[in-house]
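Structure record follows, encoded as structure tokens.
The values are calculated or read from the model by the stated rules, or taken from the named source; none is laboratory data. Predicted model, so just to flag it, every value in this text is computed and none were measured. Cβ placement follows ideal geometry from the backbone for every residue including glycine, while neighbour counts extend to all protein chains displayed.
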Amino acid sequence: MIKKFITIFVLLPVFAFAQYNLKGNFSPPEDYKMAILYKVNPVDASYVAHTNINEKGNFEIVLDSTVSSGMYRLVYGVPQEELNFDFIYNAKEDVVFHFNPETGIEFKQSAENQLMTSYTNSMGMISQSIGMYFRQQLQDTTALKQIFKTQLDTQNQFEKAAAGTIALTYIKANKPYIPEGYEDLKTYINNLRLHFFDHVDFNNEILQSSNFLIERVLNYVFGMTNTGETETEIYINNINEISEVLKPINPDIKLYLYQVLWQQLVDAELEITANHVVDSELLELAKTQQATEFVEQLESYRRTAIGSVAPDFSFEIEDKGMLTKFSLLELNESENYVLVFWSSTCGHCLKELPELHNMMQTFTKEQMQVIAIGLEDEEFRWKSETYNFPLFKHVIGLRKWDNPIGNSYNVNATPAYFVLDKDKKIIAKPYDYSALRKNLADQSFED
């Protein structure tokens, strides 16, 4: 009894102070300065450590006993949300890798991460074989059945190899739909859609502590297609189907998934679809979770997204010494309107507005009108400049960046352009004059 007690006592310090290392090499080394390590949690990431990357592209971070097993994220540049990658740390082995932006990450040490890489590559190659079979319209049904059998065997082999590891959760969740026999393309695609989330547990904390769930959602929204539908219709239908899958999950996780999806749509300038996410799910969810700042961001975005009715504002026009009050939404004079936010102190504006004024002479008043909103600190210089553009309806927005009209359109730089149809719906938001000119050239006008 005494001997056993002593043995346990001697071993305790070894376990308490066991430590492993995260080592990496980046190339080309001159492009990398610092590595920052975070532990990824279901709704956020907590800082762990950081260190400099030396002139040879190498770094090392000691992972002592306070660093628990789980999913980790290594940030290697700015913006952090883009220049990073996730990996598994199981608190049982060193993690050593080489990273190159062209080829990605290669794990030199860490059996668990190597297993994940091997699984991803193997299943990817099989998916390519399935795609090639259907693209080539092959008729050998035995060959396709053999590919499906290989896919199932490969999945099962990796699940067996990953037993007892964190990787097993991802491998099981990633299991694709695998037919038991031959299926034609239409049947196969329908079943892929039907069974896409069969093995995904959105409430699993391991899956939540990674990019897996959002990548799964994005792959479904952008990857599932239907013939005879427009891109917008496809995305909206896919999002509606996703909403059924996400109904029972944790609201915080649901908010995160919809938030990332919305941001992807915004970045891709798919504003109608982004607005659908806001209106159907995201805005109400953000309000329920009391995400006040995000609610304000969503409402601000929705006001000026393509497809939305432009925010209304009132202005006065002087004609023959008489001031007449107008409201944007009450105007009924043209097929299209251009709103341009500018400033008399903005060099780009003073270069582009004369070109816009010249272009307006090619349109009739019934085809196109320009409403120019000057964001100004004072009126005198603005008033002087307006005489150069007699074809425009001019509106002054005093207090410049704190002007209510500019704020309602989220204007933070000038010039800023909005193209409206006759119903004052926003149909384009050209980023500069050349884009505006192209947009107007593409419009169809009747005399």
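Taking the condition in contact (Cβ under 8 Å) with a residue 60 or more places away in the chain and within 16 Å of N174 (Cβ to Cβ), does I130 pass?
Working: in contact (Cβ under 8 Å) with a residue 60 or more places away in the chain: no; within 16 Å of N174 (Cβ to Cβ): yes.
Judged against the criteria, I130 is not a match.
Of everything in the range 388-409 that's under 16 Å from S343 (Cβ atoms), assigned to a loop (DSSP other than H, G, I, E, B) and not hydrophobic (A, V, I, L, M, F, W, C), which residue is nearest to the chain's Cα centre (by Cα)? Restricting to residues being under 16 Å from S343 (Cβ atoms), assigned to a loop (DSSP other than H, G, I, E, B) and not hydrophobic (A, V, I, L, M, F, W, C), the top hit is Y409.
What number of residues within the range 85-112 are more than 18 Å from L37 (Cβ to Cβ) and modelled with pLDDT of 95 or more?
The initial filter retains those residues of the range 85-112 that are more than 18 Å from L37 (Cβ to Cβ), namely 100-104, 106, 111.
Cutting the leftovers down to modelled with pLDDT of 95 or more gives us 100, 106, 111.
So the answer is 3.
Kindly establish whether A35 is part of a strand (DSSP E or B), outside the structural domain of V260 (by TED's automatic domain parsing), small (G, A, S) and closer than 28 Å to N204 by Cα. The answer is no for A35.
Against the condition over 14 Å from A310 (Cβ atoms) and aliphatic (A, V, I, L, M), how does L398 come out, does it pass? Let's see the steps before the verdict.
Numbers: over 14 Å from A310 (Cβ atoms): yes; aliphatic (A, V, I, L, M): yes.
Answer is yes for this residue.
Please work out if L282 is within 18 Å of the chain's Cα centre (by Cα), modelled with pLDDT of 95 or more and either assigned by TED's automatic domain parsing to the domain that holds I234 or surrounded by fewer than 15 Cβ atoms within 10 Å (Cβ to Cβ) (or both). Yes: the conditions hold for L282.
Could you pull out every one of the helices (runs of 4 or more DSSP H) wholly within the range 280-363 that has 1 or more residues that are under 27 Å from E379 (Cβ atoms), out of contact with any Ser or Thr (no Cβ under 6 Å at 6 or more places or on another chain) and not charged (D, E, K, R)? Break it down stepwise before answering.
Working: elements: 283-288, 292-303, 347-360.
Result: 347-360.
Would you check if E269 is more than 17 Å from the chain's Cα centre (by Cα), surrounded by fewer than 20 Cβ atoms within 10 Å (Cβ to Cβ) and among the acidic types (D, E)?
Taking the combined requirement at face value, the residue does not satisfy it.
Quick check: is even one residue across the range 113-120 in contact with a strand residue (DSSP E or B) (Cβ under 8 Å, 6 or more places away or on another chain) and under 20 Å from M34 (Cα atoms)?
Step one: of the range 113-120, the residues in contact with a strand residue (DSSP E or B) (Cβ under 8 Å, 6 or more places away or on another chain) are 113-114, 116-117.
Right, trim to under 20 Å from M34 (Cα atoms) and you get none.
The answer is no, given that none of the residues of the range 113-120 is in contact with a strand residue (DSSP E or B) (Cβ under 8 Å, 6 or more places away or on another chain) and under 20 Å from M34 (Cα atoms).
Remark: G347 matches the filter, which requires a residue to be within 37 Å of the chain's Cα centre (by Cα) and surrounded by fewer than 20 Cβ atoms within 10 Å (Cβ to Cβ). The strands (runs of 3 or more DSSP E) found entirely in the range 70-151 that carry 1 or more residues being on the phi < 0 side of the Ramachandran plot and surrounded by fewer than 17 Cβ atoms within 10 Å (Cβ to Cβ) are 84-89, 95-100, 104-109.
On the given criteria, is Q297 in the same structural domain as V221 (by TED's automatic domain parsing), closer than 22 Å to I236 by Cβ and surrounded by 17 or more Cβ atoms within 10 Å (Cβ to Cβ)? For Q297, the condition - in the same structural domain as V221 (by TED's automatic domain parsing), closer than 22 Å to I236 by Cβ and surrounded by 17 or more Cβ atoms within 10 Å (Cβ to Cβ) - is not met. Looking at L192, L218, just one residue is under 30 Å from Q146 (Cα atoms), over 21 Å from the mean Cα position of the chain (by Cα) and outside any loop (DSSP other than H, G, I, E, B), and that residue is L192.
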